[in-house]
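Participant: Structure in structure tokens, see below.
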Protein chains: 2
Amino acid sequence: MAGTGAMMGAMFGAETGKLLDRAARTCDRNGSRLTDIRRHVLGLVLDSDRPVGAYDLLDRLRQSHKGAAPPTVYRALDFLQEQGLIHKVERLSAFVGCVQDDRGHDHAHHDHKVQFLICSVCQRTVEIDEPRIADALEAAAARHGFVPRRSTIELEGLCADCVAEADRAEQAREPG
Amino acid sequence: MAGTGAMMGAMFGAETGKLLDRAARTCDRNGSRLTDIRRHVLGLVLDSDRPVGAYDLLDRLRQSHKGAAPPTVYRALDFLQEQGLIHKVERLSAFVGCVQDDRGHDHAHHDHKVQFLICSVCQRTVEIDEPRIADALEAAAARHGFVPRRSTIELEGLCADCVAEADRAEQAREPG
DNA sequence: AGTATCGACGTTATAGTATAACAGCTCGGC
DNA sequence: GCCGAGCTGTTATACTATAACGTCGATACT
């Protein structure tokens with residue numbers, strides 16, 4: 001019986017496990033509690049290779065937490081967003097993990113400077129971090145006397161893989 | 001009985017009326033039909049000084065179109081977005097008008113290069129058009145082999161008016 | 001130990017946003 | 001007149017999110 005927290009870790013792969021441990025340390029530093037449910041939800045998000053919707057998470061969470069209901073998962077998601085451990089992709093109403101380096105840059109600042117590239121075909125979403133984009137937006141805002149708080153910068157289109165795939169399909173139809 | 005279309009125009013103010021006529025010409029040029037319902041929904045959006053939700057529009061639409069249901073308004077909204085006559089503000093799940101100059105710049109291009117400043121307090125939302133922001137985002141996308149289609153660039157914060165209001169309230173509490 | 005408090009969670013109900021599916025109608029071209 | 005395409009009517013339902021209230025357990029202070 002070497003601690004239930006450690007048992008939870010075993011439910012995810014090694015890679016995810018490392019990230020979860022890192023997240024736990026982040027929460028410790030913030031004086032907040034990464035409970036079993038929160039840790040589990042974070043694990044589910046991290047284990048996915050694309051953004052996950054709240055009700056998808058709920059279905060998966062129920063496999064281990066029978067009593068889980070929508071508020072269960074939304075509360076966990078709210079917490080994880082506050083900790084900067086996940087982000088919401090607005091266009092998809094779905095969530096992606098964002099576990100930084102331990103000594104990673106200031107999250108409070110980082111949090112509203114993130115950008116996403118969202119593939120319309122495969123839904124895979126990558127986070128990019130080009131401060132100049134958010135900076136340009138904030139500069140424009142300042143010219144309107146606008147005080148910024150949170151930005152949503154998302155670009156929907158085709159990822160490199162799906163472009164290549166589409167090209168291949170095109171070639172097949174018109175081999176000349 | 002001088003045409004029902006003209007009668008519809010009378011339901012909105014002069015300013016909105018002009019924009020509606022302009023929108024009608026845009027649709028003509030595109031070979032698409034600005035029907036009564038679509039025109040009415042566009043008028044309601046244009047008449048509001050802040051973004052309007054679909055079900056708000058539905059309530060208002062029902063005052064003249066008794067049988068209107070959610071699909072009625074969503075269809076109109078889809079059409080108007082395709083025509084570039086309105087935009088959706090993702091953070092609010094609400095819609096704002098965007099009727100350009102008659103000889104306005106290319107809409108297909110414009111459409112995915114728009115940015116919004118959204119006030120958390122009063123909800124008023126202004127559209128800004130800083131090509132450099134969208135350009136920077138697309139340049140970053142290109143470096144990932146990503147082919148862009150539509151961007152969502154929204155900044156939530158406090159508009160100049162609400163900042164001033166907040167300052168005044170602050171002064172009142174601490175007059176020193 | 002007693003107890004006040006606070007944060008997390010359980011549970012039920014409901015609000016808010018959006019679309020599926022199919023039927024009927026109208027308008028313009030033939 | 002008839003056909004086809006596009007627009008609308010209608011019903012039902014899916015999906016996303018939160019309100020409201022009760023319980024429980026850990027913590028800290030007495």
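The values are calculated or read from the model by the stated rules, or taken from the named source; none is laboratory data. Treat the numbers as computed from the prediction; the structure is a model and nothing was measured. When we count neighbours, we look across all protein chains shown, and the Cβ atoms used for this are built from the backbone with ideal geometry, even at glycine. Quick note on the areas: whole protein, heavy atoms, side chains included, nothing else; ligands and nucleic acids left out. Shrake-Rupley method; radii C 1.70, N 1.55, O 1.52, S 1.80 Å.
Participant: Quickly run through the range A:81-94 and pick out the residues that are of a type in the set (A, V, I, L, M, F, W, C) and either within 14 Å of chain B (Cβ to nearest Cβ) or within 8 Å of DNA strand D (Cβ to nearest atom) (or both).
Facilitator: A:Val89, A:Leu92, A:Ala94
Participant: Then there's this: Conditions: (1) open to solvent by less than 70 Å² (accessible area, probe 1.4 Å); (2) modelled with pLDDT of 95 or more. B:Asp59 meets all but one. Number of the miss?
Facilitator: Looking at each condition in turn, B:Asp59 falls short on (1).
Participant: Filter the range B:122-135 down to residues that are more than 7 Å from chain A (Cβ to nearest Cβ) and among the basic types (Lys, Arg), then give me how many there are.
Facilitator: Number satisfying all stated conditions: 1.
Residues checked against (1) in a strand (DSSP E or B); (2) more than 10 Å from DNA strand D (Cβ to nearest atom); (3) away from chain B (no Cβ under 14 Å):
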position	(1), (2), (3)
A:Arg33	no, no, yes
A:Leu46	no, yes, yes
A:Arg50	no, yes, yes
A:Asp56	no, no, yes
A:Ser64	no, yes, yes
A:Arg75	no, no, yes
A:Phe79	no, yes, yes
A:Val96	yes, yes, yes
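Participant: Let me ask something additional. Could you pull out the residue among B:Val114, B:Val121 that is β-branched (Val, Ile, Thr) and open to solvent by less than 70 Å² (accessible area, probe 1.4 Å)? Please lay out each step first, then the result.
Facilitator: Numbers: B:Val121 fails: open to solvent by less than 70 Å² (accessible area, probe 1.4 Å).
Criteria check complete, one pass: B:Val114.
Participant: Please name all residue pairs, on different chains or six or more residues apart, with Cβ atoms under 7 Å, provided the first residue is in the range B:56-77 and is over 15 Å from B:Asp36 (Cα atoms) and assigned by TED's automatic domain parsing to the domain that holds B:Val96 and the second residue is within 13 Å of DNA strand C (Cβ to nearest atom) and of a type outside the set (Gly, Ala, Ser).
Facilitator: Matching pairs, first to second residue: B:Pro70/B:Leu58.
Participant: Right, next: Picking from A:Gly176, A:Gly145, which residue would you name as being open to solvent by 80 Å² or more (accessible area, probe 1.4 Å) and either in a loop (DSSP other than H, G, I, E, B) or modelled with pLDDT of 95 or more (or both)?
Facilitator: Working: A:Gly145 fails: open to solvent by 80 Å² or more (accessible area, probe 1.4 Å).
Result: A:Gly176 is the single residue among A:Gly176, A:Gly145 that is open to solvent by 80 Å² or more (accessible area, probe 1.4 Å) and either in a loop (DSSP other than H, G, I, E, B) or modelled with pLDDT of 95 or more (or both).
Participant: Which one of A:Glu154, A:Glu170, A:Glu165, A:Glu138 is within 22 Å of B:Ala139 (Cβ to Cβ) and either more than 7 Å from chain B (Cβ to nearest Cβ) or open to solvent by 20 Å² or more (accessible area, probe 1.4 Å) (or both)?
Facilitator: Step by step, each of A:Glu154, A:Glu170, A:Glu165, A:Glu138 is checked, and only A:Glu138 is within 22 Å of B:Ala139 (Cβ to Cβ) and either more than 7 Å from chain B (Cβ to nearest Cβ) or open to solvent by 20 Å² or more (accessible area, probe 1.4 Å) (or both).
Participant: Test of understanding: among B:Asp56, B:Asp21, which residue is more than 13 Å from DNA strand C (Cβ to nearest atom) and of a type in the set (D, E, K, R)?
Facilitator: Answer to the check: B:Asp21.
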